[in-house]
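Right, one structure below, let's go through it.
The values are calculated or read from the model by the stated rules, or taken from the named source; none is laboratory data. For clarity, every value in this text was computed on a predicted model and none was experimentally measured. Please note: Cβ atoms are built from the backbone with ideal geometry, for glycine as well, and neighbour counts cover all protein chains shown. Please note that ligands, DNA and RNA were not included when accessible areas were found on the heavy atoms of the full protein model with its side chains. Shrake-Rupley method; radii C 1.70, N 1.55, O 1.52, S 1.80 Å.
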Amino acid sequence: MAGLLFALTLLTLVVALVVFGWPLSTWMARTYTSDTDWRVERGVYRLLGVDARAEQRWPNYLRGILAISVLGVLFLYALQRLQPLLPFSLGLPAVPPGLAFNTAISFVTNTNWQSYSPEVTVGYTVQVAGLAAQNFLSAAIGIAVAIALVRGIAAKSTGTVGNVWVDLVRTITRVLLPLSLAAAVVLLATGVIQNLSGFPVVHTLTGGTATIPGGPVASQEAIKELGTNGGGFFNANSAHPFENPTGFSDLLEIVLLLLIPFALTRVFGLMVGDRRQGRAVLATMVLLFAIVLGAMAAFETAGGGTATTAAGGAMEGKEQRFGVLTSVLFATSTTLTSTGAVNSMHDSFTPLGGMVAIIDMMLGELAPGGVGSGLYGFLIVAILAVFLAGLMIGRTPSYLGKQVGGREITFVSLYILTTPAVVLIGLGLTFAIPAVAADVSSTSIANPGPHGFSEVLYAFTSAGNNNGSAFAGLSANTPWLNASLGAAMWLGRYLPIVFVLALAGSFANQEPRPTGAGMLATHRPQFVLLTAGTVLVVSALTYFPVLALGPLAEGLAS
Amino acid sequence: MTTTTAPAPEERPEEHVDTRAPKGAFSASQLVQNLPDAIRKLAPRDMVKNPVMLIVEVGAALTTVLAIALPFLGSDGTTIGFTWAIAVWLWLTVLFATLAEAVAEGRGRAQAASLRATRTTTMATRVTGYDAAADPAAKSAALESVASADLRQGDVVVVVEGEVIPGDGDIIAGIASVDESAITGESAPVVRESGGDRSAVTGGTRVLSDRIVVRITSKPGETFVDRMIALVEGAVRQKTPNELALSVLLASLTIVFLIVVLVLGPIAGFQRSTPGVAVLIALLVCLIPTTIGALLSAIGIAGMDRLVQRNVLATSGRAVEAAGDVTTLLLDKTGTITYGNRRAVAFLPLPGIDETRLTEAAALSSIADPTPEGASVVELAGERGFTPTEAPGRTVVPFTAQTRMSGIDESDGRALRKGASASVLAWVHEHGAVAPAVAAALEERVRAISEQGGTPLAVAELDAGGTARLLGVIHLKDVVKAGLAERFAALRSMGIRTIMVTGDNPITAKAIAAEAGVDDVLAEATPEEKLALIRREQEGGRLVAMTGDGTNDAPALAQADVGVAMNTGTSAAKEAGNMVDLDSDPTKLIDIVTIGKQLLITRGALTTFSIANDVAKYFAIVPAMFVGVFPGLRALNVMGLHSPDSAILSAVIFNALVIVALIPLALRGVRYRPSSASALLGRNLLLYGVGGVIAPFIGIKLIDLVVSLIPGF
């Protein structure tokens, strides 16, 4: 019965994604190729003093991205530190420096890692003007970078990758704002709250009192999922009934967080002028999604012990209103995208089920990945697969007519190197520095043994991949973890962006070569399997030893 | 570079064919022979060029130090025997890598030795104050004797019968037969003469007859032979663009694995299961792509060597790689697509004429025609059962440019003529009128043959009574080589377009192109049009390969991505191209493309294999490392390896042995048959990807069975 319901849920999800994703992708492709500006956009360009018609080479494009990100961090940091002076701050004090630093980076990098309980740390002004505003901006940055890469691939030796200001502004005005507005209204209808009522005290049936925090939740919830941000209004995130009250709102949130990443595959196909390429990317993502979803579902329903059997699955840490399989679907969706919103506590999953959540992120968040970052992350691996496969058919490799030579493979290699390096070095330093290791094991880690290690592993994997979800047993609000995870988020976001834009520039300089017989067909099932295999093998080889010491050691112990 | 290398005294030109590198064969004895070189290559100075193997060498050195120090330091959890075993096998891993390179280079060395024999210092006769206008043959000019090493570009030398040509150059006066066997391995002498496309001579070759005046075109130490020696020895081998790209990828994978292993210490330490240093080094070496790292340079050297074995010299590895990417082949019609000579294929009698009569007349009129066309007429008649016999008093009338006919005059006044239809018609007219119906019938046959791309020859006879009549037409045509259509179809499936280049008129050209199955044709081609065609193709992003021999081909050769100059060609052509075909065989272009592809495929296949191997090695080593603290990880020991120590050692041994096992493949190249890209990819993925995952599971298990017999493991 549960299985049948789950199948229907999946079917609904697929139908919803197709129904909304199809027109959205057409609309987005038009958004990034149109020559006309909306009036409001022209206003913004005048305000910024930019020439919207100027095509930029990649270094200029990158400078725009970095400038707006650095300013974003400074602004968000200042906003948190000045919280007592702001209106609607609910009387909350200034956010401590270490936490403010971590949170500023976290929201600018689209990670939304939260080392704090939002409802008791940040007031409405910081939530709306700071965090929610960055939710829009960081999502727009991801999409813009992906579009720049697609333009580079499609370019005919123009050398330019687009205009960063136009891409950012249009992403917000034409894609994110309208969609968020619509999504927020529907979320309101499902029962998500939207008020400015602070902390009303209610009298409970038993005669006691309870303080129930309110706030502008629905507006923030929409962009939290749509922009694959994941930062909750409440500490419990989407497990909180005010953020995610019903099974319907749950499914809606899953649709929202998968919508843009999947739609971008078709945008890619449309913009490079070969829809089959977009379909192949989509097929690979869906294949990987199905594999990890199946694995996690198997581990969670099998569980262990009599309690699990009685409950029909491992129910610890899961909401009764969602059940095991829907929680698994949410967990898979949120860790495969860079969302990090949770409707259940991943820390309480079975060891192997929790491991799948970690693996989802370790794959590089590319099936379908965060908004924009999923597409560019995927294309990077596809280019790596092209490089090996191209050689194996006796040609120097090329993707969609663009040569993958020394320069291109250097950027691809650096990209692929970055996230593992950030995650593993962060992890290694944590345990190599004696004082830090002592602090982490006494203060932060809630559980002894391999599970405690898994909590730290999850934290660095989540930060390095800009996911933001956590094994909640870890107390991360410590100087070391705030600083090191902050650094991991920043490097894990912007180093790859530098390499992607450099690659985009390198492709943009090339005149495309004709593709045809004798070339690697990158739209066929063969290439889909090859790319999926490359993703799995490369991640497995990188992370197998650390997984063996954490979740595998815990899960295989009998 | 010096020219003082002693020649091998027993070297004789006739034996050069035999001294060439063994073709494709690989024997264990080669490993032994090249061992000293392999050991020399272990010097860190040389290893720096190969970062992957440098890490293995550093790991081997560290493990050795550890093994020596272990009795004094106290154990870190590993036994002395185990540490020594790992150290030895790590050294062997590095040695196998250098051995692969040494073997690959060794195969070129035989060729280089025979070439070097030609590079001895000879005395040259230099002309002082050469005057091209007054005394082109330098008959009365002052001569001086200088060492060939002292010759400069632009010097003019005289070479006479029996002398060795002192340097690369062009003949500016005279004609000579030259023994080029030292370079080409072909013992039949070739004719070289001033002017035209056969004027280039190579230093080190010997003049067999006559006297020539040569202008030296090469600088000392940069002659063709010098370049060849450097190439076949791999001494000046620079990494090619794709090899560099692959090296970047391998280096980044190595860095990832280095990080993985480095952080494993502290992380495992937190779990109280710190692995020994030797174990961590073993893990690192097993993970980094040692298989491809060890064989990468051998693959490159062997690729060049395969070209050399086919008598093609590439001036750079870059050109070989580009050959794999070629999408357009410009093929000369003559010699490549057709046999080069028109051949008679049919006799078409006029109405009322017996075909036998025409056959006989055609054959008889051709006995005085020594051209291949004439011979083919006699041959075709022979196939039809007629052999011309001698008759007394017969006069042969040879072909001349004026008459454009050949034939015979019998003693009784009868005569036969064969030639261009207009000339033959005129000859018949001389002996009386030709009926309009007959003329029309002739015209019709002539036109039909022309339209099919053939050449018509009319045949007429004069009887004893002095009356001439037309007999019919011989159909001569360019005969397309057998099996070409299939070959071009295979090329098409590889994504390669073939364009036939010919000086013929468009009608003839199209007919032959259709018969041969080429994709396009450039008729009435001039060198300028050839160059324009190449530019046009390249603008569309295609890579073009062509062959050429004449000086006027030089611009096109230089423009083409792969320009193969014929060895018979001029030095201008040889300088312009990036390959030289010593056999001067234009069909070899297709082989060159195949070799280029094979080179890339071998690299890709072994990289995939190398990475796929890591999966099994993890399953061997990771449970072995941590099973002491986490007994549950025993479940990952899917191979059922004997003990942690034997598991780790077996993985290291497998990692080393697989290098040796793949040396023959690296040298020979992965088998390549023209087929569609997806079929090729599917096959290679299955073999080297899936096979690469499975093979080490079996290999490590087998090695473990042996290792487990060793006491202490």
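Residues in the stretch A:188-222 that are closer than 18 Å to A:E119 by Cβ and outside any loop (DSSP other than H, G, I, E, B): A:V201, A:V202, A:T209, A:A210, A:T211, A:V217, A:A218, A:S219, A:Q220, A:E221. Which number in (1) closer than 17 Å to A:T396 by Cα; (2) modelled with pLDDT of 95 or more marks the one condition that B:V285 misses? B:V285 satisfies every listed condition except (1).
Listed here are the residues, each with its yes/no results for (1) open to solvent by 10 Å² or more (accessible area, probe 1.4 Å); (2) polar (S, T, N, Q); (3) away from chain B (no Cβ under 14 Å).
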position: A:N467; (1), (2), (3): no, yes, yes
position: A:P496; (1), (2), (3): no, no, no
position: A:A504; (1), (2), (3): no, no, yes
position: A:G516; (1), (2), (3): yes, no, no
position: A:R524; (1), (2), (3): yes, no, no
position: A:A548; (1), (2), (3): no, no, no
position: A:L552; (1), (2), (3): yes, no, no
position: A:A557; (1), (2), (3): yes, no, no
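If you go through the stretch B:667-713 and pick out every residue that is within 14 Å of chain A (Cβ to nearest Cβ) and either over 30 Å from B:G596 (Cβ atoms) or not charged (D, E, K, R) (or both), you end up with 24.
One residue stands out in the stretch B:327-356 among those that are touching a Lys or Arg at 6+ places or on another chain (Cβ under 6 Å) and within 14 Å of another protein chain (Cβ to nearest Cβ): the one that is most open to solvent (accessible area, probe 1.4 Å), namely B:T327.
Looking at the stretch A:39-59, is at least one residue within 21 Å of A:L503 (Cα to Cα), open to solvent by 30 Å² or more (accessible area, probe 1.4 Å), part of a helix (DSSP H, G or I) and at pLDDT 95 or above? Yes, the stretch A:39-59 contains at least one residue that is within 21 Å of A:L503 (Cα to Cα), open to solvent by 30 Å² or more (accessible area, probe 1.4 Å), part of a helix (DSSP H, G or I) and at pLDDT 95 or above. How about the stretch B:309-326: which of its residues are at pLDDT below 80 and buried (at least 21 other Cβ atoms within 10 Å of the Cβ)? Residue satisfying the conditions is B:G317 alone.
Among residues of the stretch B:263-289 that are under 20 Å from B:T83 (Cα atoms), those with a Cβ under 7 angstrom from a residue that is in a loop (DSSP other than H, G, I, E, B) and hydrophobic (A, V, I, L, M, F, W, C), sequence gap 6+ or separate chain, pair up as B:S273/B:V629.
Would you say B:T121 is surrounded by fewer than 21 Cβ atoms within 10 Å (Cβ to Cβ), under 30 Å from B:R310 (Cα atoms) and of a type in the set (S, T, N, Q)? Show your work before the answer.
Details: surrounded by fewer than 21 Cβ atoms within 10 Å (Cβ to Cβ): yes; under 30 Å from B:R310 (Cα atoms): yes; of a type in the set (S, T, N, Q): yes.
It is true that B:T121 is surrounded by fewer than 21 Cβ atoms within 10 Å (Cβ to Cβ), under 30 Å from B:R310 (Cα atoms) and of a type in the set (S, T, N, Q).
Anything in the stretch A:383-414 that is within 7 Å of another protein chain (Cβ to nearest Cβ), under 27 Å from the mean Cα position of the chain (by Cα), of a type outside the set (A, V, I, L, M, F, W, C) and open to solvent by less than 10 Å² (accessible area, probe 1.4 Å)? List them, or say none. Matches in the stretch A:383-414: A:S413 only.
Annotation note: of A:A463, A:A483, A:A438, A:A421, the sole residue that is assigned to a helix (DSSP H, G or I) and at the interface with another protein chain (Cβ under 10 Å from one of its Cβ atoms) is A:A421. Here B:G300 qualifies as under 28 Å from B:G689 (Cα atoms) and within 14 Å of chain A (Cβ to nearest Cβ). Looking across the stretch A:90-126, the residues that are without any contact (Cβ under 8 Å) to a residue 60 or more places away in the chain, of a type outside the set (A, V, I, L, M, F, W, C) and open to solvent by 10 Å² or more (accessible area, probe 1.4 Å) come down to A:G91, A:P93, A:P96, A:P97, A:T121, A:T125. Going residue by residue through the stretch B:30-40, is there one that turns out to be surrounded by 14 or more Cβ atoms within 10 Å (Cβ to Cβ) and closer than 19 Å to B:D645 by Cα? Within the stretch B:30-40 (the criterion being surrounded by 14 or more Cβ atoms within 10 Å (Cβ to Cβ) and closer than 19 Å to B:D645 by Cα), the answer is no, since none of the residues qualifies.
When you check B:S252 against the structure, is it more than 8 Å from chain A (Cβ to nearest Cβ), under 39 Å from the mean Cα position of the chain (by Cα) and either open to solvent by 10 Å² or more (accessible area, probe 1.4 Å) or among the small types (G, A, S) (or both), yes or no?
Values: more than 8 Å from chain A (Cβ to nearest Cβ): no; under 39 Å from the mean Cα position of the chain (by Cα): yes; either open to solvent by 10 Å² or more (accessible area, probe 1.4 Å) or among the small types (G, A, S) (or both): yes.
No.
Given B:V263, B:V225, which one is in contact with a Gly (Cβ under 7 Å, 6 or more places away or on another chain), assigned to a helix (DSSP H, G or I), open to solvent by less than 30 Å² (accessible area, probe 1.4 Å) and more than 14 Å from chain A (Cβ to nearest Cβ)? Steps first, answer last, please.
Values: B:V263 fails: more than 14 Å from chain A (Cβ to nearest Cβ).
The conditions single out B:V225.
Residue by residue, here is whether (1) outside any loop (DSSP other than H, G, I, E, B); (2) farther than 18 Å from B:P456 by Cα; (3) out of contact with any Lys or Arg (no Cβ under 6 Å at 6 or more places or on another chain); (4) open to solvent by 40 Å² or more (accessible area, probe 1.4 Å) holds:
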{"site": "B:E379", "(1), (2), (3), (4)": "yes, no, yes, yes"}
{"site": "B:P392", "(1), (2), (3), (4)": "no, yes, yes, yes"}
{"site": "B:V396", "(1), (2), (3), (4)": "yes, yes, yes, yes"}
{"site": "B:F399", "(1), (2), (3), (4)": "no, no, yes, yes"}
{"site": "B:K418", "(1), (2), (3), (4)": "yes, no, yes, no"}
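Which residue pairs have Cβ atoms closer than 8 Å, lie 6 or more positions apart in sequence or on different chains, and pair a first residue in the stretch B:666-682 that is under 30 Å from B:V103 (Cα atoms) with a second residue that is among the charged types (D, E, K, R)? Cβ pairs passing all conditions: B:L667/B:R107; B:L667/B:D305; B:G669/B:R306; B:Y672/B:K597.
Being crowded, with 23+ Cβ neighbours inside 10 Å, in contact with a helix residue (DSSP H, G or I) (Cβ under 6 Å, 6 or more places away or on another chain) and within 11 Å of another protein chain (Cβ to nearest Cβ), is that true of even one residue in the stretch B:267-282? Within the stretch B:267-282, one or more residues are crowded, with 23+ Cβ neighbours inside 10 Å, in contact with a helix residue (DSSP H, G or I) (Cβ under 6 Å, 6 or more places away or on another chain) and within 11 Å of another protein chain (Cβ to nearest Cβ).
Provide a single number: the residues in the stretch B:501-553 that are outside any loop (DSSP other than H, G, I, E, B) and either surrounded by 19 or more Cβ atoms within 10 Å (Cβ to Cβ) or more than 14 Å from chain A (Cβ to nearest Cβ) (or both). Steps first, answer last, please.
Step one: list which residues in the stretch B:501-553 are outside any loop (DSSP other than H, G, I, E, B), which gives B:501, B:506-516, B:520-522, B:527-539, B:544-548, B:551-553.
Restricting the remaining residues to those that are either surrounded by 19 or more Cβ atoms within 10 Å (Cβ to Cβ) or more than 14 Å from chain A (Cβ to nearest Cβ) (or both) gives B:501, B:506-516, B:520-522, B:527-534, B:537, B:544-548, B:551-553.
Of the residues in the stretch B:501-553, 32 are outside any loop (DSSP other than H, G, I, E, B) and either surrounded by 19 or more Cβ atoms within 10 Å (Cβ to Cβ) or more than 14 Å from chain A (Cβ to nearest Cβ) (or both).
Residues that are crowded, with 24+ Cβ neighbours inside 10 Å and small (G, A, S) within the stretch B:583-612 comprise B:G596, B:G604, B:A605, B:S610, listed in sequence order.
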